[in-house]
Structures are given as C-alpha cells and as structure tokens.
Amino acid sequence: MGDNEIKITVKFCGRPIPITLSPDSTVLRLKNLLLPLTNVLPRGQKLIFKGKVLANEETLGVAGVTNGVKLMLIGTQGVHQGDGPILKEAQSPITSRKTDRVRDMKMVPVGKTSSERWKATGVIAMAEHNLKAIPDEVWDCSPFIRVLDIRTNSIQCVPDQIDGLTGLKKLLLDANDLSNDSISWVQLAKLKHLTVLSISRNCLNSLPGILGHLTALQHLDVSNNKLTTLPTEIGLLSKLEVLKANNNRISFLPESIGNCTSLIEIDLSSNLLSELPVTLENLHYLKALHLDNNALKSLPTTLFSKCVQLSTLELHNTEITMDALRQLEGWDDFDKRRRAKHQKQLDFRVMGSTEFDEGADKS
C-alpha cells in the first residue's frame, strides 16, 4: 500500500471485500472497482457510510472515509451483469446437473465395430459417455477422422496425440474438466483444417496466442469459462465467422478483433466490458452483436455507419440508453434494418405455420 492510499472494507451480502485506493478517488471510482467483484453495475450500487448514502461525485476523503473504514454495499435488484451478484467465490462453470448426469451414466466401451464405423464415417460421437480420457482407439483412427465430439464427459486432458488428427474439421470439447494446462495447445494448433472449435463450459481462464495458428477456423465457442480477455492473436483468424465468448469475465477486447473481417456474429454477453475497441467498425459483414449484461456506457461512434449489415444488437442491462444510440451516426439505417428483420421473422413464423398446416391436411 502506497503512502497516499487507504485500505477499506466493503461488506456485501455478508462477505467482506477489501479495497485499496487513494482518498482522492471518487465514490464512482470505488463503484467501478467493485463491479468485477460483485457483478453489480455502478448505477445499481448504494454505498452507505455512517447511515448516509455516498454520492458518486464526492471523494472518499471529503466523505470522511479513512484508512480501516467499513462501508456497506446494497445492490439494486436486477441491476447486475453476468449471472447475477457474486455471493461467494466463483466456482467451476460446470453445473451440478451435468456432473450428476455424468456420474449416473455407465461408461460405454469402445469395441471393434465402433472403430470400424469411425473409419467409415469419419465421425466420432462420444458425447455423454462418462469418459475420463480420450480413448486410445481414437488415435488409431487418426487419418480418417473429420469430427470428434466428446462433449459432456469428465475429460481432463487433450494430449499431444491430437495433432495426429490431421483431417479434423470439428472438435467439440464442451462441458468437460479442461483447464489451460491440460490442453496441448501447441499440438492442437497444428490442425490446419479445423473450422469449428467448441470448448465452452470448462475451466479456462486464458487462451494462448498460438490459437491464432488455426487460420481455417470459422466458428469458435469459448463461452462459460473464466476468461478475462482474448489473445491479441485472435486477429489472425481472418476466416472466423462466429465468436461466442459469453459468460466469462472479459474486461477488455484487443483491438486486433477488427482484423477478423469475416465475423458475422459475436456474443460477448455477461462479461465485464466497460468499453469496446473502435476497430469493431472494420467488421463490415457483422450482422449480430450480443452485449447484454455488461458495464458498457457507450458504443464506438461509427459502429452503425460502418457495420452496414448489423441488424441485431442486444444491450439489455448495460449503461447505454436509447437516447445515446439515436445520437450515433447511422442509427436511422440500422433501425430500418432492425425493424425489417423483426418483421421478416414475424412473417416467416406466420407463413411457416400456414404451410405446415396445409401440408398436414394434404397428407
């Protein structure tokens, strides 16, 4: 702690949160520091000291907050990001329901007929097989495999042998027990034909820069992990069309995201973002941007005017107001696209329902 800093304790939902900052800091600055620790947006925080609600603009020193002081934090219901207020230390995103299901399942053995079928079809489908490791039989079929689906198991390691799946196009690893160190990223990055990598609902807190070597990647799903950022090298994924990184703890995006010029959909909802890089304006094919449950106060001013295909924008539970959106250049054109898409969806539902009924009558 520096000479010009004080240490205070903020009590929230029965747990103490220690904070160190300057007495010249404003109450709003303190609220911003509390955001990633509580998931409560600043506008939903009430900080109470000696029975008084502290105003955003006053400094801690002026408010009489000194070293060792305890404050009370009350969070307004509904004004939060992510999955709600943090009431205790974050746990693994793997749900107990999934764990119970895996525990109750019996492990399905791999037989000769399975290996023969894998070689013939190029598809290994072993989701929910109660696996603790990737079966050795998988590596015996390496040259033939195009799809490896081992979702919802208890796999704790992706070994070096992964680089032997030279023709692999889809790798589905969702809902296992994978951490950063348990994946052989160097070998995985050699899969030059990989177009889909789905690794959601694991225990990852970072992604390696070598991920940028997967230059054929079109779909990347890293949602529901513990990521705090995305690597700068993500900008090397020029063919990437879908990026799902929702339900993490990402606080900022690298500017290199603007180099992923093939992106059509981005889901960054339920993170800790307070701002977005201006380089998002380079994504001229972007159609859908999901930003719900973040601490965003504004969007890049040229987002609407440069991203001329954008028609879906989700901003629920952020600090951005409709008035602020209407002030942005290109709002009117975006609004027309948004309304046209909504109407098209309504028309499709009505027409689809009618056609189905007619077809049923004819049969």
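Residues checked against (1) open to solvent by less than 60 Å² (accessible area, probe 1.4 Å); (2) outside any helix (DSSP H, G or I); (3) touching a residue at least 40 places away in the same chain (Cβ under 8 Å); (4) among the charged types (D, E, K, R):
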{"site": "Asp292", "(1), (2), (3), (4)": "yes, yes, no, yes"}
{"site": "Ser298", "(1), (2), (3), (4)": "no, yes, no, no"}
{"site": "Asn317", "(1), (2), (3), (4)": "yes, yes, yes, no"}
{"site": "Lys341", "(1), (2), (3), (4)": "no, no, no, yes"}
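Considering only segment 53-73, state which residues are open to solvent by 30 Å² or more (accessible area, probe 1.4 Å) and assigned to a loop (DSSP other than H, G, I, E, B). Explain how you work it out, then say what you get.
The initial filter retains those residues of segment 53-73 that are open to solvent by 30 Å² or more (accessible area, probe 1.4 Å), namely 53, 55-59, 61-62, 64, 66-68, 70, 72.
Ala55, Asn56, Glu57, Glu58, Gly61, Val62, Gly64, Thr66, Asn67, Gly68, listed by residue number.
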Inset, instruction - Examine segment 246-256 for a residue that is within 20 Å of Leu313 (Cα to Cα), open to solvent by 30 Å² or more (accessible area, probe 1.4 Å), of a type in the set (Phe, Trp, Tyr) and over 14 Å from the mean Cα position of the chain (by Cα), and state whether such a residue exists. - result: no
Inset, instruction - Could you grab me the full set of residues in segment 218-245 that are closer than 16 Å to Asn205 by Cα, open to solvent by 40 Å² or more (accessible area, probe 1.4 Å) and of a type in the set (Gly, Ala, Ser)? - result: none
Legend entry - Subset of segment 119-154 [part of a helix (DSSP H, G or I) and either touching a residue at least 60 places away in the same chain (Cβ under 8 Å) or polar (S, T, N, Q) (or both)]: Thr121, Ser142
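Can you tell me which residues in segment 270-283 are part of a loop (DSSP other than H, G, I, E, B) and among the aliphatic types (A, V, I, L, M)? Quick ask: steps written out before the conclusion?
Kept after step one, since they are part of a loop (DSSP other than H, G, I, E, B), are these residues of segment 270-283: 270-277, 283.
Once the filter is applied, which keeps residues that are part of a loop (DSSP other than H, G, I, E, B) and among the aliphatic types (A, V, I, L, M), segment 270-283 yields Leu272, Leu273, Leu276, Leu283.
The rows are residues; the columns are (1) in contact with a strand residue (DSSP E or B) (Cβ under 7 Å, 6 or more places away or on another chain); (2) in contact (Cβ under 8 Å) with a residue 40 or more places away in the chain; (3) among the hydroxyl-bearing types (Ser, Thr, Tyr).
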site: Val242; (1), (2), (3): yes, no, no
site: Ile250; (1), (2), (3): no, no, no
site: Asp267; (1), (2), (3): yes, yes, no
site: Pro277; (1), (2), (3): no, no, no
site: Leu280; (1), (2), (3): no, no, no
Inset, instruction - Go through segment 43-52 and give me each residue that's open to solvent by 10 Å² or more (accessible area, probe 1.4 Å) and under 34 Å from the mean Cα position of the chain (by Cα). - result: Arg43, Lys46, Ile48
Inset, instruction - Report the residue count in segment 1-42 for those that are open to solvent by less than 30 Å² (accessible area, probe 1.4 Å), under 22 Å from Arg249 (Cβ atoms) and in a strand (DSSP E or B). - result: 6
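The values are calculated or read from the model by the stated rules, or taken from the named source; none is laboratory data. These numbers come from a predicted model, not from an experiment. In this analysis, Cβ positions are derived from the backbone assuming ideal geometry, glycine residues included, and neighbour counts consider all displayed protein chains. When the accessible area is computed, the model is the full protein with side chains, heavy atoms only, and any ligands, DNA or RNA have been set aside. Shrake-Rupley method; radii C 1.70, N 1.55, O 1.52, S 1.80 Å.
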